[in-house]
Ligand SMILES: Cc1cc2nc3c(=O)[nH]c(=O)nc-3n(C[C@H](O)[C@H](O)[C@H](O)COP(=O)(O)OP(=O)(O)OC[C@H]3O[C@@H](n4cnc5c(N)ncnc54)[C@H](O)[C@@H]3O)c2cc1C
């Protein structure tokens, strides 16, 4: 295999951005992706995202045994194929709170990553259908839109939240999400708009960009403390893709630390236990795992008006002819951002309001109309870890999240379930709600609710933090995303977040890759004043 300037591992949210921005500079770029192309209708049709679970489009990981959840394992899907998890996700466009990024800068020593520093990168990516604004881009590659056909039940849920005192948040992506709001989504004309649609396809014709699907990175080739290339299997058996300048890992919060550890970069003791010789001692690799835990409340709808209608032939026709109707839904259609302790600080709970029955990651079937209100803990205290289970690259790593091992995390979610019950008892929603299905009539007091939360806790598919960025020894990468202790290697994906953002993690990951591309190319940081409202 010939040499490239940059070899990028993983064509997910971050990898697609990097492939576009780096190849745009004229550099020779190879993008390596273990999965295949992204043609499945389960990718294109928004409401079908959960139908990808446990198929060949999914890496199908799990965490556990979880000590805070009775030793259960918890399912962790990850997208496999062009677009990565942005081809599987629920398309909710959420940047988080300004204090998340200011915390990266001030508490984790990540100079250049405060909210004012990163906002221009969110803006550069974006094409917001509502037009340009101080916090929004217009003309960028990533399409951001309102849902085209929200269900009538969603309007009632928003009304109930307002009647309970939550203000309408007209732009929850302005750095200060607070109150109730309909969701913004990464869609174009009612279809998913993944990172592959936004960033990879426009660059695919460039002669200096090679995209290799069906090729799995097995580890790094390291000589004289410098990473020289990536060992590949799949279509190119035992080939090594060599990088003249850098290898960039964008294999996601599970794949990137796994590849580092397989290559002998990690905690010597843990590597030894898996039968891997240490090349670079970097104990933080794989630690600091964070995710957003949640639990759902579900009630019957007495007025229909839910996504159960998505199964009807008329819905398919509506989608095919007009790109409208229930098939364009992202299941969650509105949010409430709030604080469980009633204080003034940034939110710790993000309710997902869904006009649908969504239990056990959507695996549980239900014959009827229902609505789901899911309190999601967006600033969890739990920290978990990813370790190699074996030196075999094909073996899934061992993952534990330690969810609910901190009492404060449990208390916030119990508060969330009680608040969901209050919402469904509030007009105008109250008149549309029937039987409580979850948590159900037996969960009467806080003790019973806490037991129920431990029993039914799920994860919102947002693993981050396992190659954390920072200034000190506890960091895996420095604020320029270079892996410490070795030359020619960066990690640029969700795994570099020092702390998880207060909201869904796709937009922040795309931002990380936008800024990461500038760091790789040695460009000056984008300044707010120069960030174009109409992005390049
Ligand atoms: C079901 C689901 C729903 C979600 N919903 C939302 C949502 O609505 N909104 C939101 O903001 N976020 C959501 N997320 C989270 C969001 O999509 C992720 O945070 C984001 O996509 C992470 O980007 P990434 O680049 O770090 O990793 P990924 O996008 O996962 O990309 C990693 C890529 O690397 C490839 N790869 C891994 N290992 C190797 C290897 N060894 N060799 C070659 N290739 C490899 C993978 O196949 C994948 O393509 C969701 C995620 C999932 C799974």
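The values are calculated or read from the model by the stated rules, or taken from the named source; none is laboratory data. It should be emphasised that the depicted structure is a prediction, and the values quoted were computed from it without experimental measurement. Cβ coordinates were reconstructed from backbone atoms using ideal geometry, including for glycine residues, and neighbour counts include every protein chain displayed.
Residues in region 187-197 that are in contact with a helix residue (DSSP H, G or I) (Cβ under 7 Å, 6 or more places away or on another chain) and crowded, with 21+ Cβ neighbours inside 10 Å: 187, 190, 192, 194, 195, 196. Scanning region 87-104 finds one or more residues that are in contact (Cβ under 8 Å) with a residue 24 or more places away in the chain, within 10 Å of the ligand (Cβ to nearest atom) and part of a strand (DSSP E or B). Of everything in region 123-155 that is under 21 Å from the mean Cα position of the chain (by Cα) and assigned to a helix (DSSP H, G or I), the residue that is farthest from residue 198 (Cα to Cα) is 123. Take region 462-481 and flag every residue that is in contact with a helix residue (DSSP H, G or I) (Cβ under 6 Å, 6 or more places away or on another chain), assigned to a loop (DSSP other than H, G, I, E, B) and closer than 19 Å to residue 106 by Cα. Answer for region 462-481, where residues must be in contact with a helix residue (DSSP H, G or I) (Cβ under 6 Å, 6 or more places away or on another chain), assigned to a loop (DSSP other than H, G, I, E, B) and closer than 19 Å to residue 106 by Cα: 467, 480, 481. Quick check: is even one residue across region 322-339 buried (at least 24 other Cβ atoms within 10 Å of the Cβ), modelled with pLDDT of 95 or more, within 18 Å of the chain's Cα centre (by Cα) and farther than 24 Å from residue 372 by Cβ? Scanning region 322-339, I find no residue that is buried (at least 24 other Cβ atoms within 10 Å of the Cβ), modelled with pLDDT of 95 or more, within 18 Å of the chain's Cα centre (by Cα) and farther than 24 Å from residue 372 by Cβ, so the answer is no. Filtering region 5-26 down to residues that are part of a helix (DSSP H, G or I) and within 12 Å of the ligand (Cβ to nearest atom), which residue is nearest to the chain's Cα centre (by Cα)? Filtering region 5-26 for residues that are part of a helix (DSSP H, G or I) and within 12 Å of the ligand (Cβ to nearest atom), the one nearest to the chain's Cα centre (by Cα) comes out as 13.
Could you pull out the residue among 456, 484 that is away from the ligand (no atom under 16 Å from the Cβ) and either closer than 18 Å to residue 371 by Cα or touching a helix residue (DSSP H, G or I) at 6+ places or on another chain (Cβ under 9 Å) (or both)?
On the way: 484 fails: either closer than 18 Å to residue 371 by Cα or touching a helix residue (DSSP H, G or I) at 6+ places or on another chain (Cβ under 9 Å) (or both).
It is 456.
Reported count of residues in region 494-519, each being without any contact (Cβ under 8 Å) to a residue 40 or more places away in the chain and more than 12 Å from the ligand (Cβ to nearest atom), is 1.
Got a number for residues in region 234-252 being in a loop (DSSP other than H, G, I, E, B) and at pLDDT 95 or above?
At the first step, the residues of region 234-252 found to be in a loop (DSSP other than H, G, I, E, B) are 234-238, 250-251.
Still in the list and also at pLDDT 95 or above: 250-251.
Number of matching residues: 2.
When residue 160 is tested against (1) in a strand (DSSP E or B); (2) crowded, with 19+ Cβ neighbours inside 10 Å; (3) more than 11 Å from the ligand (Cβ to nearest atom), exactly one condition is not met: (1). Whenever a residue of region 33-51 is closer than 30 Å to residue 231 by Cα, its partners that are part of a helix (DSSP H, G or I) and modelled with pLDDT of 95 or more, lying with C-beta atoms within less than 6 angstrom and at least six residues away or across chains, give the pairs 38/87; 38/196; 43/87.
Checking each residue in region 56-82 for being assigned to a loop (DSSP other than H, G, I, E, B) and either more than 12 Å from the ligand (Cβ to nearest atom) or under 21 Å from residue 493 (Cβ atoms) (or both) picks out 57, 59, 60, 70, 71, 77, 78, 80, 81, 82.
Per the conditions (1) part of a helix (DSSP H, G or I); (2) at pLDDT below 95, the sole criterion not satisfied by residue 344 is (1).
If a residue must be in contact with a helix residue (DSSP H, G or I) (Cβ under 6 Å, 6 or more places away or on another chain) and more than 11 Å from the ligand (Cβ to nearest atom), how many such residues does region 27-50 contain? Steps first, please.
Of the residues in region 27-50, the ones in contact with a helix residue (DSSP H, G or I) (Cβ under 6 Å, 6 or more places away or on another chain) are 29, 31, 38, 42-43, 45-48, 50.
Then drop every residue that is not more than 11 Å from the ligand (Cβ to nearest atom), which leaves 29, 42-43, 45, 47-48.
Selection size over region 27-50: 6.
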